[in-house]
Amino acid sequence: MEIRLGLATGEGTNEQSISVTMRTPGDDFDLAIGFLYTEGVIRNPADIARIEYAGPPSPDKGLYNVVKVTLADKVRFDAARLVRHFFTSSSCGICGKASLNAVRIQLPEGKREDFEIAAVDLHRLPEALRASQTEFDRTGGLHASGCFDANGRIRRLREDVGRHNALDKLIGSYLGEPRPFAGLGILLSGRASFELIQKAAMTRAAFVAAVGPPSSLAVELAEELGITLVGFLKAHTFNVYVAPQRIV
């Protein structure tokens, strides 16, 4: 799917392509909104004047593969801010120490949301996540990102062939709410890459749990930002890499 930005200029609206991603169709607008938010292009839904599909549908399946997001007149966009996106992939995330500074600059102001959970409730999450993955049941090949409450209940879930897309869809679906991730943690069906921790950090979430392992840069970023990071989460075991005090 291609994401295009409509930018207000003195002569009207200028259209610019800023991202192309291989995605699972569905929740396309949430994907675009979540991507723009986690990349620091927008700060809230009010920064978007209009979102719509652009171009004709694909001839084979009738799917629209271009989403155009027109920014509000007040929003100023610097294309150079998205340069680092071209050094990322769905498999390895961001590479290089320099990206740590880029993340620190664009993080939203405000403290992390308070969150605590009991270990016994953490152990229930993998099974609860799997039970909620309806598209995985159909395809056998999709990642998921979900949010869970302090009682270990999955409150919302999004699926996609790309881990980063699944999280962008989840974040985009919450952005219209006053405190989107208050009282919630984020759950990842695979491993926790630097990029996924960066996206989670943009929501001010204080707790990220992953069924798979984290990368070393993901651990470093979580430690710097004070985000509790759990990996290898299973029914009877898990590893805590950062901030264990939130597990009670």
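The values are calculated or read from the model by the stated rules, or taken from the named source; none is laboratory data. If you're wondering where the values come from, they're calculated on a predicted model, not measured in any experiment. A quick note on method: Cβ atoms are made from the backbone with ideal geometry, for glycine too, and the neighbour counts reach across all protein chains shown.
Identify the single condition in (1) over 15 Å from Arg158 (Cα atoms); (2) part of a strand (DSSP E or B) that Leu187 does not satisfy, given that it satisfies every other one.
(1)
State whether one or more residues within region 180-187 are at pLDDT 95 or above, within 10 Å of the chain's Cα centre (by Cα) and not assigned by TED's automatic domain parsing to the domain that holds Ile51.
yes
Does Leu217 meet the test of being within 18 Å of Ser145 (Cβ to Cβ), assigned by TED's automatic domain parsing to the domain that holds Phe148 and touching a residue at least 40 places away in the same chain (Cβ under 8 Å)?
no
Could you figure out which of (1) exposed (fewer than 14 other Cβ atoms within 10 Å of the Cβ); (2) on the phi < 0 side of the Ramachandran plot isn't true of Leu129?
Among (1) exposed (fewer than 14 other Cβ atoms within 10 Å of the Cβ); (2) on the phi < 0 side of the Ramachandran plot, Leu129 violates only (1).
Go through region 34-75 and count every residue that is hydroxyl-bearing (Ser, Thr, Tyr) and part of a strand (DSSP E or B).
Total meeting the criteria: 2.
Please find, among Gly152, Gly141, Gly93, Gly176, the residue that is part of a loop (DSSP other than H, G, I, E, B), assigned by TED's automatic domain parsing to the domain that holds Val219, touching a helix residue (DSSP H, G or I) at 6+ places or on another chain (Cβ under 7 Å) and at pLDDT below 90.
From the options Gly152, Gly141, Gly93, Gly176, the qualifying one is Gly176.
Scan Phe207, Phe238 and give me the residue that is touching a His at 6+ places or on another chain (Cβ under 9 Å), within 21 Å of His123 (Cα to Cα) and touching a residue at least 60 places away in the same chain (Cβ under 8 Å).
Phe238
Cβ-Cβ distance below 6 Å, separation of 6 or more or different chains: which pairs start in region 7-28 with a residue that is closer than 17 Å to Val75 by Cβ and in contact (Cβ under 8 Å) with a residue 40 or more places away in the chain and end on one that is basic (Lys, Arg) and surrounded by 11 or more Cβ atoms within 10 Å (Cβ to Cβ)?
Note: pairs meeting the criteria are Glu15/Arg4.
For region 110-123, check the following and say yes or no: at least one residue is under 27 Å from Gly26 (Cβ atoms) and either in the same structural domain as Val211 (by TED's automatic domain parsing) or surrounded by fewer than 16 Cβ atoms within 10 Å (Cβ to Cβ) (or both).
So far as region 110-123 goes, no, none of its residues is under 27 Å from Gly26 (Cβ atoms) and either in the same structural domain as Val211 (by TED's automatic domain parsing) or surrounded by fewer than 16 Cβ atoms within 10 Å (Cβ to Cβ) (or both).
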